[in-house]
Each structure stands twice: as C-alpha cells, then as structure tokens.
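Visitor: Have a look at this one.
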Amino acid sequence: MKNGSFKVAVSIERLRIMQALIALTAAVVLQVFLSAGRLELPQKSTSSLLSIISDETRMVFSGIMIKKVDAYFHGGATVANCTLENHLDAHDENQLHGEQGHSDSHHIAHTKKPVSFFRPVKWVNSRIHAQEHRHLANEKSVELLPWIVAACRTAPKNIDSYQIGSYILNRMIENPETAIGFLEEGIKNNPLNPELEVSLAEMYFGTVKDVEKSAIHFENALEKSLALKRELTEDDNMLRLKIYFYIGRIAKDNRDFDRLRQVLKSAQDINRENVMTKAIAAWLAEE
Amino acid sequence: MSIAILQISALIKVSLLELYRRKDLIVVLILGAILLLPIAFVTPFGISGSGTYFNEIALIMVWIFSIFIALGVSSRIFPNEFEKRTIYPLLAKPAGRGVILTGRYLGALTAAISALCIFYAAYILLCGIKQGVWFSEVLLQAFILHAGLIAVMVAIGMTGSLLMTPSANITLSLLVAFGMLFFGNRLPELAQGQGAIAKIALYSANALAPHIEFFDMRQRLVHDWPAVSWLVCVVVMLYAAVYSWVCLLIADLLLRRKRF
C-alpha cells in the first residue's frame, strides 16, 4: 500500500516536471517566433487587467533585451560583472551609461585592477569576468541587431528599442534605408508618439539630406507633440523645442520668415533661455 | 587497495550505464536542438553576420542542461539505493561506506562530465559551422572550469540527497546555484546596505555557499575576450576540489550515521 502511494507520488512528480518542461519549451519557441518576426502579437491598450499585465511584462523583457544590447556593445561587461568600487557612479539607475558614463575617470577605473590577492573572491571574479572598458567596433555592430529585433517584437511599444536600433543601423552599420524602414515600423506601432517621428525626420535631414520629407515628419512630430494629453515633462518640452528648432531651420533655408516668427514665439513660450530658442531668434535677427 | 579500486570502478560503470539507460541526456539534446536550430538561421533586417547571440544562447543551454544532469544524477543515487534496498548487498563486506560514497561520487561525476563532453561537442559543432571558429584557449579554459563546477554540483547534490528528498534537494541546489551565479560576486556589496541579520546571512552565504560565478567563462568565450591566466584556472579548480571534498566529508558523516 505504502509502495503504491509512493509510486503515485513519483508519477505525479514526473507529470509536473513534464508540464514545466512543456511550458518552458512553449515559451522559448514562442519567443523564437517573435524574434524571427513571424508572429506579431497586437499590443493595443485595453482596460483588461490581463492585457495590462501582459504589456508590462513584455516591456520588462524588452528592457532586459535593450540592456543586453548595452552589454554587447561593451564586450559583454555589465555592472554585475564589475568588482571596482566606483563603477556604479558611472551608471544610471537602469545600469546603462549615464551622461558622464564615458568620462576619462570611468575609463581609467576600468583599466586598473586594484583587487588584492588577499581578497580572494574579488580577486578571482575580477580576473574571470572581463571588466576592461571596450566598445564594439562599427563593423561588428551587426551583433547587436538580433537583440534589437527581439526587443521590438517582444514589446512594439518600446520606443527606446526603435531609437537605439535605428541609430545602430544608420550610424554604425551605415544602412539608412533599413533604419528608415525600421523607424516607419515603429511609427506604425506607436502612431501617437512624437519621438519616433523626430528620429525619422532627423534621419531625413542629417543623413539622407531629403529636406522635404524631413519637414513633413517634423510637422507630423509637432502635431503629435501638441496632441499629447498628459502633463508635459521636461523631456516633452525639450523634444518640442527640438522640433521647433528644426522647423525653424528649414523655414530659414526656405526664407519663410512668417513661419520662423511663429516658431520663435512658440519656442519662447516653452523656454526663452534655451540655446535652441536663441538660435531661432538669431536666424530671424540676421534677416 | 586494489579491491577498493575495482569496487570503485564497478560503481563508476554502473553510474554511467544508469545515465545512458535513463535517456535523460537524449531528451535534453533533443530539447536543445529544437530550441537552437530555429534561431541559428535568424538574419535580422536581412543583414547576416551576427553569431554572438547564438553562441550565448547555446552556452546558456549547456550550462542549464549540465547542471540539471549533474544534480539529477547525483541526487537520485542514494534515495534509489535506499528505496530499492540495494544498499544492503553493497554495504556487505568488503565494500565500506567510504568506498561506496567515493565510487558513487566518481560515478556520478564521470556520468555528468561525459554528458558535459557531449554538450560541448554539440556546442563546438554548431558554433564552428555558424561562425567558423572551432577551438580557442578560452574554450578549453571554459570547459575545464565547467568540469570543476560539475564536480561541485555533484558533491552538493550527493550530500543533499542524504538529507532531503530528491525533489527538495534538486530545487534547493538549483536555487543556490543560480542565486550564486547571478549574485555571488555582489554579496558583500549587497550586504553593506542591509540590516544586521540580513548582513550576517549574506556574509555567511559569501563565505559558505559555492561561488558558482568563479566557473563562469561565458562572457570571455562569447565576446572574444582573451584567455585568463592559467594560475587563475588552477586556483578555481583548487577551490572546486576543496569544496567538493568538504561536501563529501559531510556526506560521509551523514552516511555513517544513517540508520537503515
């Protein structure tokens, strides 16, 4: 009797292990399909609790993949690998490089190995896990793309992944056509977001040198920025100023001074002292 | 002495046969192939040339599967012996408890390392075909340190099997292994910001728990970092040997006190 119940318990345990394995396999296979772009789950905002949890989970995973891109760019080195005392100072709360992330002191901290043999755990870790500061060469930046694609497919609402991906494609791989296509996909998935419109407009302006298309996308971006219903943050204001700056620049080149005046007034309403506002004022003063 | 060696080699052979008879290895190899083959041919944006992601995912799988196999093999040996009562004929003279423990440990270790060899062979084959790199010094170091990790995991699994049921043992060992893998090198920093009790717990974990992160050469291997000094490898392997030996001493003590 005792032996029989033991066998039942073993069978149940095996069944649970099989269930866990099947669930794990299904999750990874689904992820593979998402990464390969064969299956795109819709990500619409609904009031369903399940949908909100699903969206948030996908954003978290997408964020992890973007961190992976940062780690790949630095030769796999992450904050977790680093045994230097002052490393965290150079990183923001997301463990990515902050504004001062690539200062000289940060580089020097990476190249020194101050860990003594008499602190054995740190000593071994500092040698096993590479910590030297290294950046991926442009010709190898194709290694970053799978994680970018995976991040976008996992959470199409993750704006950062489209911006980082388009930067890599445009600046590092020097493939602006693909970068534009990628940003257009991002705009399609995030039709109300002005940031991706700005990125696309900047790419047309700076790389492709197609001012006409650039102007269209800056106007689209302004429209989307003005339509924002939330309380504007400092970042939103800076983005709007940037849009005014570029629209002003294009208006200046086209000698459209009425538009330039309108843009200056709108920019001054946001921040009179900003360098971009002053630049627009200077263009108008030149005429 | 020679009889003990014969007994130990017989036990090793039995453990090896046991692993291959159970087909665990075939299952994880098929699972690995199912998961890896579709992602091997991903070309994001139609731009080919990326292989690091594949290298990393393949190595993660090698790590996960090898730890599962090591714990699976080591944690089932004694409970099975007790359940099937095969421990009695084994304990009959001249095989002592020390010989049985050593034989069973070496058997489980040989089985787990043989599985590791198969995993690495598959990994080298896949990465060689995809990236054209077949061998490097870092790869050799990664394999040696990984074998050291397996020695520690088998010792932990075997010691735990004399204290807990196999499922509890595997769960706890996995928690310790992955916890130390992810947080092992940051325990002192994490301890600094904690209260007194948590601080003691974290410092104790730093001193007593196995530093699995010592054996983790994935970053160097995946991102083409140079090999580490062989002195570091020797230090890590010594750590693995001492840790395994301490675990086996505890297991020996438990086995000697065990009432059947």
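The values are calculated or read from the model by the stated rules, or taken from the named source; none is laboratory data. As the structure is a prediction and not an experimental result, all values here were calculated from the model. No Cβ is skipped: glycine too gets one built from the backbone with ideal geometry, and neighbour counts run over all protein chains shown. Side chains are part of the model used for accessible areas, which takes the heavy atoms of the whole protein and leaves out ligands, DNA and RNA. Shrake-Rupley method; radii C 1.70, N 1.55, O 1.52, S 1.80 Å.
Visitor: When you check residue B:56 against the structure, is it farther than 25 Å from residue B:159 by Cβ, open to solvent by 20 Å² or more (accessible area, probe 1.4 Å) and acidic (Asp, Glu), yes or no?
Guide: Details: farther than 25 Å from residue B:159 by Cβ: yes; open to solvent by 20 Å² or more (accessible area, probe 1.4 Å): yes; acidic (Asp, Glu): yes.
Yes, satisfied.
Results for (1) away from chain B (no Cβ under 11 Å); (2) part of a helix (DSSP H, G or I); (3) among the hydrophobic types (A, V, I, L, M, F, W, C), shown as yes or no for each residue.
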residue	(1), (2), (3)
A:142	no, yes, yes
A:147	no, yes, yes
A:150	no, yes, yes
A:157	yes, no, no
A:160	yes, yes, no
A:168	no, yes, yes
A:171	yes, yes, no
A:179	no, yes, yes
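Visitor: Residue B:116: in contact with a His (Cβ under 8 Å, 6 or more places away or on another chain), assigned to a helix (DSSP H, G or I), of a type in the set (A, V, I, L, M) and more than 14 Å from chain A (Cβ to nearest Cβ), yes or no?
Guide: Working: in contact with a His (Cβ under 8 Å, 6 or more places away or on another chain): yes; assigned to a helix (DSSP H, G or I): yes; of a type in the set (A, V, I, L, M): yes; more than 14 Å from chain A (Cβ to nearest Cβ): yes.
Yes; evaluated as a whole, the condition is true for this residue.
Visitor: Six or more apart or on different chains, Cβ atoms under 8 Å: show the pairs whose first residue is in the stretch A:115-131 and facing chain B (nearest Cβ under 9 Å) and whose second is surrounded by fewer than 18 Cβ atoms within 10 Å (Cβ to Cβ) and aromatic (Phe, Trp, Tyr).
Guide: Final answer for the pair search is A:123/A:117.
Visitor: Out of the residues in the stretch B:175-204 that are open to solvent by less than 30 Å² (accessible area, probe 1.4 Å) and more than 9 Å from every other protein chain (Cβ to nearest Cβ), which is farthest from residue B:76 (Cα to Cα)?
Guide: Filtering first and then ranking leaves B:191.
Visitor: So, of the residues in the stretch A:185-237 that are loosely packed, with under 14 Cβ neighbours inside 10 Å and within 15 Å of residue A:159 (Cβ to Cβ), which turns out to be nearest to the chain's Cα centre (by Cα)?
Guide: Only one residue fits best here, namely A:235.
Visitor: Restricting to the stretch B:208-230, what's the tally of residues that are farther than 20 Å from residue A:73 by Cβ, at the interface with chain A (Cβ under 8 Å from one of its Cβ atoms) and either open to solvent by 20 Å² or more (accessible area, probe 1.4 Å) or in a loop (DSSP other than H, G, I, E, B) (or both)?
Guide: 5
Visitor: Assuming residue A:262 fulfils every condition listed in (1) away from chain B (no Cβ under 14 Å); (2) in contact with a helix residue (DSSP H, G or I) (Cβ under 7 Å, 6 or more places away or on another chain) apart from one, which condition is it?
Guide: (2)
Visitor: Among the residues of the stretch B:119-173, write down those that are open to solvent by 20 Å² or more (accessible area, probe 1.4 Å), in a helix (DSSP H, G or I) and among the hydroxyl-bearing types (Ser, Thr, Tyr).
Guide: Listed by number, the residues that qualify are B:167, B:171.
Visitor: So which of B:228, B:176, B:154 is under 22 Å from residue A:132 (Cβ atoms) and touching a helix residue (DSSP H, G or I) at 6+ places or on another chain (Cβ under 9 Å)? Full working, then the answer.
Guide: Values: B:176 fails: under 22 Å from residue A:132 (Cβ atoms); B:154 fails: under 22 Å from residue A:132 (Cβ atoms).
From the options B:228, B:176, B:154, the qualifying one is B:228.
Visitor: Follow-up question, since we're still on this one. Hey, can you tell me all the residues within the stretch B:45-78 that are of a type in the set (Phe, Trp, Tyr) and under 16 Å from residue B:151 (Cα atoms)? Outline the logic, then answer.
Guide: Step one: list which residues in the stretch B:45-78 are of a type in the set (Phe, Trp, Tyr), which gives B:45, B:53-54, B:63, B:65, B:68, B:78.
Within the stretch B:45-78, B:63, B:65, B:68 meet the criteria.
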